[in-house]
Amino acid sequence: MSLDGINPELRQDFLTESSELLEQLDSDLVALETAAEGEQADRLNSVFRALHTIKGAASFLGIDPLIRFAHAAEDALNLLRRDRTHFTAEVMDALLQSVDVLRGQLDAMGQGEWPPEGPGALIETLKTIANGQPLAARLSKLQPADGAPGPDCDDAGLTAEDGDAVVPVAVPGDGAQAEPEVEDEAQAPSNGVTESYAPSEPLELPPQKLDLIEFMVADLHEQISGIHQALTEVAGHATRHEAGAALAETAADLHKTLSFFELDGLAALAEAVRNAGEKLPDIECEQVAGLVIRIEAVSWLIERQAEALSERRRLDWPLRTLQQRIETIAAGEQLDGAVAGVADVPMVLRVDGVLGEVASLPAEASQPSQAAQSAEAVEPEDGPYSPSDAVAGVIGGAGGGDAASTASPGAAGGGGPAAGTGNGGGAGGGGVEATIRVEVARLESLLNLVGQMVLAKNQLMAIGRRVAEQPVPQDLTETLAAANSDLDRLTGELQVNVMRARMQPLSKLFDRYPRVIRDLARSTEKKIRLDIEGKQTEVDKSVLELLADPLIHILRNSADHGIEGPAERRDAGKAEAGHIRLVAEHQGSHVRIAIEDDGRGINREVIAAKAVEKGLASADVVSQMSDEDVYRFIFAPGFSTAAQVSDLSGRGVGMDVVNSNVAKMNGQINIASRQGKGTTIEILIPLTVAIMPAMMVRIGAHMYAIPLQSIVEIVRPEDTIRGKVQGKPVMRLRDSVLPLVNMRAVLDEEGEGEGRFAVVVGVGGQRAGLAVDRLIGQQEVVIKPLDDADTQGGPFSGATIREDGDVSLILDIVQLIRTTQTESSASGTGPAAAA
Amino acid sequence: MKVLLIDDSRTMRNIQKGILTQLGYTEIEEAADGLDALSKVLAFNPDLLLVDWNMPNMDGLSFVKQYRGKGGKAPIIMVTTEAEKTRVVEAIKAGVNNYVVKPFTPEGLSERIRETLDRVAAA
C-alpha cells in the first residue's frame, strides 16, 4: 500500500487535524485520571470523539493500519465509557501508549510512508481491556431474573450505548446463510458495499443541491455523532431532560438537512426522533430502551445514506414500521413485548422490517444480555478490524443479536464504502471560517520580505538624512522626511502584524507536559503535581520550536532529580506529592518562563565537584564562582550528576540543549536554588527573535551591533573612574565596580588608546562595561544567522545588513560576559588580560 | 401566490421583481433587511420567501432562524453568492428549502422556484 493514491492536500489536512486531536487526547487522558467524578464523563466523551474523528477520517482515506489500531483503542475506551470503575493506572498506560502509537503512525505518514501496523502486544492489551472481567459482571447485573428486559432506566441507557456501536449490516434475506468468507469478500475495496445495504437508485437532485453534497456528508456524520452523544446521556435520570432536548434539536437539524436532499423517508424518521426527543422526559422507563435502540437504528441508516450520498445514490428502505414504532413509544404507548425487547440495532432493523422481514424472532433476541455475552465470547477471536467488520457482524447477528457490547461506533461511522473513495474527507462541514491554515513556509517568506523591507527602509532613512544636509530646497527635504516617517511607521506596523501572525500560544508545548510528568511520576514512583500558568502567552513560532527541547529537559530534570520520593519528602516534613509550577508571562519586551519545583534543590558542592572532575573548570575558579554560575554547569555538555542514571534524564545528553537553544533565541537563563527547598529555573526570551533593536557602535575600523535589550546604560568613563583590580581593567559605576572589556582587543581591531565610551551591558545579575570607540546610533537589525564554523569561539550571535548596505556582526553579550567572569576569577589568561 | 422579496439592494429587488412578474407572480412585497422583513412577514403571509444573505441590521440567516422559530412555514429560497455557498449548510439547518447563487438567470430562478414549490406541494 502507499499513500500515493491519497490527495496530498487531503492527507495534509488529515495529518494536521489528527495531530491536534492527539494532543487533545493526551491532555484529556491525563486530566481524566485526576478528574472529579462529574467531569469524567465529559472527558471520556471528548477522548472518544477525538479518537473517533481520527478513525473516521482515516477510513475515508483508507489507511487501514491506523483504522485497525484506532479501532482497538476505541473498543477499550468504549468499555470505560460504560463502566468507569475500570480506570486503573495500567489501563491509562495502555491508552496513553496507544496515543503514542497513533502519533507514530501519523509521523510515518508525514514522512510519506505507509503507516506501520500497531504493535500486536498493545492491541492484545486493548482487547483485554475491552473484554475486561468487570464487563461480564455488568452484563450479569443487566440480566433480570425473569429474563425480561430490565426495568431500570440506567440499564436501558447502557443497552442503548451498546447500540451506538457496531451495527451489523444485513444483506436482506441472506444473513443466515452467510459464510465466514464474506469477511474476506467484504474486505475488498468498496465494491458497491452500499448496494448491499439496500436497494439504491441514483440520487436525482437539482445541480445546486448536488453541489452541496460534499459539505453535507461531513455535516450529517457530525449530526449523527450529536445524536450518539445525546443518547449516552439519556441513561441518567438527571440528564434525561436535557438529553431529550439535545436529541430533539439535532434531529430537527437532521430533518431539515435530509429533506433538503429530498430524502423524505429518512426526513420523516428524523422528525419522529425529534418528537420523541421532546417527549423523552415523559416516557416510561421501560420504553426508553426500545426507543433508544430505534434511534440508534435511525442513526445507522442515516450514516449509510450519508455514505451513499457521496456516491450520489439514494438508499431505499421500507421505513414505515420503524417510524411508527418510534411514534408509538413517543406517544407513551407500549410496544408489543417481543418487539419492545429487541436490544440491538440489526435486530431492530429486521424486526421493524427495514432490512427484510423476519417471521419470528430468534429465541435470544428477547434476552439481549445473553446474546451480548455470547457475542463477547466470540469477539476476541476476531481478526483485525476492517471497515467490513460491520458486514462480518451480520453473520454472528444471524445467530442471535450480535455483539452490541463489542461494538464500536466507528464500525458504523467510519468504515464502509466511503473508504477508498477518498473524496470529501475532512472537508469543512460549513460554518464560517474565522481562521485559515497557512503554510509555515509562506509566513517565513513573508517575514523574510518584511526583514528586507526594514533594511531598505533603513537605507532610505539614511539617504533622507544625508539629503537634508545637502543644499536642496527645503520643501523637498521636508516632503522626503514626511514620506520617510510614514514609511517608517507603516513598516513598523507591518512588521508587528507579520510577527503576530507567527505567534502561537505556549499551550502548544505546555499541554504536552502533564503527560510527560505523569509518565515520569509513575515510572519513578513519585507523586508529582504539575501546575501550569500562563499557557496562553504567545511567542514567535521559532521561539516555540526552540523552547520545546529545553523545557522538556528542565521539567524532566526537576521531576527526576529535583522532586524527592514520597518517603524522603515525608522525612523532610514536606507533602508527599512534589509540586512543579510551570509559569509563563510577559515581562516587558520579554517572555519569562519559569519552572519551579519544591524538591531537594541543587547541591552546590556536588555540582562543583563534578565540574572539576569533568575538567570544566579548575577547583580555584569554581570556588570563586557565584552559586548561580556553579548551577549553570548543569547545562554544560556531558554533565550529569545523577547518582543513578534513569532512563528519563540524567544521561547527560540534553541539558546542554537548554543553553544552546536559549542562546539561539538571544535569551537568558537564571537559576535559583535553595537546598531542601527547591529550584527555580527561569528562561527569558525576547518577544521576537528575527528583528531586534540594536545599538550600532564602532570598534576599531568596523561597526558592530549590540542588542539593545542587553544594554543597561552607556557612559563615558573619565579616567577617574577607570582602574585596575588584580591587573585587570575595571570601571567604577556609581557604587559598583564592573569589569571593563577592551573590545578592540577582544575583536582584534586596530586602534589607539582606550575606548571612549563604555556600554554597560547586563545578563541576569551580571554586568560588564564594553569599551567602544564611537556610538553610531540605534537601529533595527534583521538577524541573519551565521554559520557556526565562522563564529566558533567568537562572541557573535549573528550578522545584519546596515542602513548603508554593509554587513555588521552582532555581539553575543551572554558569551562576552561569561568570558569576563571566568577570566576575572581565573588569573591572567585570555585576550582581555593580554591587552 | 404571494412572494416576499428580502434584499437590501433596491436594484436586486427590482431585478428579482421583474423576473417574478415575468413568471406571473404579481403579489410581491419587498423588505430591505431581516428586521424589516420580520415586521412585514406575518401580516403579508407570503407563500414563498426570497431571502438575500448579506444585509444590514439583520442578515438573511438570522431572519430565517427567527421566522422559523416563530413557526413560519412558507418555503424559503436563499439568495447567496458563490462565496457564501459553503455556508449554505448552516442555512439549511436554519430551515432554508432551496438556494440560488447570484448572479442568476431568469430561467435559473424560475427553475428554483418551481422545484421548491413542487416539493412543498408534494409534501
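Annotations
- Relative contact order, percent, the stretch B:2-122 [alpha-carbon distance under 8 Å, six or more residues apart]: 23 percent
- Rough spin-label spacing in nm, given labels placed 7 Å along Cα→Cβ, for A:E585 and B:M12: 5.1 nm
- Stretchable slack from A:E262 to A:R312, in nm (0.36 nm times residue separation minus alpha-carbon distance): 16.7 nm
- Using the Cβ-Cβ distance between A:V715 and A:E493 with R0 set to 35 Å, the FRET efficiency works out to roughly 0.55.
- Here the label points at A:Q504 and A:T239, each 7 Å from Cα along the C-beta direction, are separated by 3.3 nm in the simple model.
- Using the Cβ-Cβ distance between A:L449 and A:T479 with R0 = 22 Å, the FRET efficiency computed as 1/(1 + (r/R0)^6) comes to roughly 0.25.
- Distant-in-sequence amide H partners of A:Q766 (H built 1.01 Å from N, under 5 Å): none
- Taking 15 Å as the cut-off, the amide N atoms of the stretch A:751-783 that come nearer than this to a point 7 Å along the Cα-to-beta-carbon line of A:Q459 belong to A:782.
- Projected label distance in nm at A:D211 and A:A572, using a 7 Å step from Cα toward the beta-carbon: 6.9 nm
- Among B:58-68, A:464-474, sorting by the average number of other beta carbon atoms lying within 10 angstrom of each residue, highest first, gives B:58-68, A:464-474.
- Residue separation of A:S523 and A:R756 scaled by 0.36 nm, minus their Cα-Cα distance, works out to 77.9 nm of gained length.
- If the chain linking A:S626 and A:A108 were pulled fully straight, counting 0.36 nm for each residue of separation and taking away their Cα-Cα distance, it would gain 181.7 nm.
- 11 Å beta-carbon shell around A:S623, net charge (K/R +1, D/E -1): -1
- Amide H within-cut-off set for A:G578, under 5 Å, with H built and near neighbours excluded: A:K527, A:I528, A:R529
Read-outs: derived from the displayed coordinates by stated rules, not from any lab. As the structure is a prediction and not an experimental result, all values here were calculated from the model. For neighbour counting, all protein chains shown are included, and Cβ atoms are generated from backbone atoms with ideal geometry for every residue, glycine included.
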